[in-house]
1. Of these, 170, 147, 155, which one is touching a Leu at 6+ places or on another chain (Cβ under 7 Å) and not in a strand (DSSP E or B)?
2. Can you tell me which residue within the stretch 97-122, out of those that are over 19 Å from the mean Cα position of the chain (by Cα) and of a type in the set (D, E, K, R), is surrounded by the fewest Cβ atoms within 10 Å (Cβ to Cβ)?
3. Kindly indicate whether residue 36 is part of a strand (DSSP E or B) and either polar (S, T, N, Q) or in contact with a Phe, Trp or Tyr (Cβ under 8 Å, 6 or more places away or on another chain) (or both).
4. So residue 43 passes all but one of these: (1) within 16 Å of the ligand (Cβ to nearest atom); (2) more than 30 Å from residue 254 (Cβ to Cβ); (3) of a type outside the set (A, V, I, L, M, F, W, C); (4) part of a helix (DSSP H, G or I). Which condition number does it fail?
5. So, in the stretch 46-58, exactly how many residues are small (Gly, Ala, Ser) and either touching a helix residue (DSSP H, G or I) at 6+ places or on another chain (Cβ under 9 Å) or not in a helix (DSSP H, G or I) (or both)?
6. Take the residues of the stretch 41-96 that are surrounded by fewer than 16 Cβ atoms within 10 Å (Cβ to Cβ) and β-branched (Val, Ile, Thr): which is nearest to residue 15 (Cα to Cα)?
7. Of the conditions (1) under 21 Å from the mean Cα position of the chain (by Cα); (2) without any contact (Cβ under 8 Å) to a residue 40 or more places away in the chain; (3) more than 16 Å from the ligand (Cβ to nearest atom), residue 213 fails just one. Which one is it?
8. Does any residue in the stretch 256-275 that is over 19 Å from residue 116 (Cβ atoms) and assigned to a helix (DSSP H, G or I) come within less than 8 Å, Cβ to Cβ, of a residue that is near the ligand (Cβ under 8 Å from one of its atoms) and of a type in the set (D, E, K, R) six or more places away or on a different chain, and which pairs are these?
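Values in this text are rule-based calculations from the coordinates and carry no lab data. Predicted model only: the values in this text are computed from it and were never measured. When we count neighbours, we look across all protein chains shown, and the Cβ atoms used for this are built from the backbone with ideal geometry, even at glycine.
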Amino acid sequence: MAAQIIDGKKLAQQIKAELREEVERLKRERGITPGLAVILVGDDPASRTYVRNKERACRDIGIFSQVHRLPAETSQEQLLELIEELNHTDHIHGVLVQLPLPEHIDERTVIQAIKPEKDVDGFHPVNVGNLHIGAPGFVPCTPRGIIEMLDRTGIPIKGKHAVVVGRSNIAGKPAAMLLLARHATVTICHSRTVDLAYHTRQADILVVAVGRPRFITGDMIKEGAVVIDVGVNRVDEGLVGDVDFDSCLEKASYITPVPGGVGRMTVVMLMKNTVEAVR
Ligand code: BQF
C-alpha cells in the first residue's frame, strides 16, 4: 500500500497558530515581543530565499524581525562587531547568521561569537555540547522539526532502528543525537559508508540529509519504513529531495515530501526557538 504523506505545511501551520497565541500572551502578560536578528552576508540566491521565508514566518507569528544584509566583501571583523552589538541588544532575543558564509570568513569563529542564550540555530559549541549530554539548550531547527513531525504524526521512536544518512553539524549529526535521546537505536551513514543500501534497508526510520537529488531509491528501503527527506535540491524540474519520492512512495509507510516537508518544519522550529529565547 502507498505511504501516507506527512504534510509538513499543515503541521507547520498548526505549530504557527500555537506560537501566535504564545507570542500574544508574552505581549499581554510580560510586555515582551520576541525579536529575531538574521544576518545575511553576500547574495547567494538560495540563502536569500531562506531568509525571506524566516522573515515571513516571523511576521505571521508576531515576532519582531530584522535582517542585516551585508555585502559579500564584509570583513570577518565587521561581522563579529555586528554580532557583539546584537548580543547586547535587549529587544533581540535570537541571533542567527545565515550559512554558508563567504570563503574569507571562518564559520566556526562567527558561530562562537553568538551568545549561547541567543543562538536560536543551536550551532554554538555550548548548545551542541548540551544536546550531546542531554542538557537543556537550543536544538538545531531541522532535527527538532524532524522529531516534531514524527511526534505529531504519532510515529513511535523508542526502540526503533533509525538510520541517518549524512553527518553534517546542521542536520545529520544532531538528528542522530535527538533520535538517540528518544531511545532509538541509531546508525549514522555517510559518503564513505561501505554498502550503504545494506544499512538503509535496516531502517525503521530513515533520515536522509546528504544534499544529492533523489539519492535514496525504493530498492534501498525496507517495506513499511518511515522516510524523512531533509534534502532541498534545486534541479531543472524544481525542488527535489534527497529521496526518490516516486519509487519510495509505494514501499514506505510514511514519507515526507519536498517541497512542503521538513523544510517547513525547520523554519517554524526557528520561530519556536526564538520564542523560547525570551525565557
Ligand atoms: C520546502 C537550508 C541547506 C543549507 C542551508 C521550506 C525552506 C526550504 C524548503 C527553508 C534551509 C532549508 C534553510 C522548504 C531554511 C530549509 O517547502 O521544502 C522552507 O527556508 N529552509 C536555511 O536557512 O539554510 C539552509 C538548507
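1. After applying the criteria, what remains is 147.
2. So the residue we want is 103.
3. Yes; evaluated as a whole, the condition is true for this residue.
4. (4)
5. Result for the stretch 46-58: 1.
6. Filtering the stretch 41-96 for residues that are surrounded by fewer than 16 Cβ atoms within 10 Å (Cβ to Cβ) and β-branched (Val, Ile, Thr), the one nearest to residue 15 (Cα to Cα) comes out as 49.
7. Of everything listed in (1) under 21 Å from the mean Cα position of the chain (by Cα); (2) without any contact (Cβ under 8 Å) to a residue 40 or more places away in the chain; (3) more than 16 Å from the ligand (Cβ to nearest atom), residue 213 misses just condition (3).
8. Taking only residues 6 or more apart or on different chains, the pairs are 264/9; 267/54.
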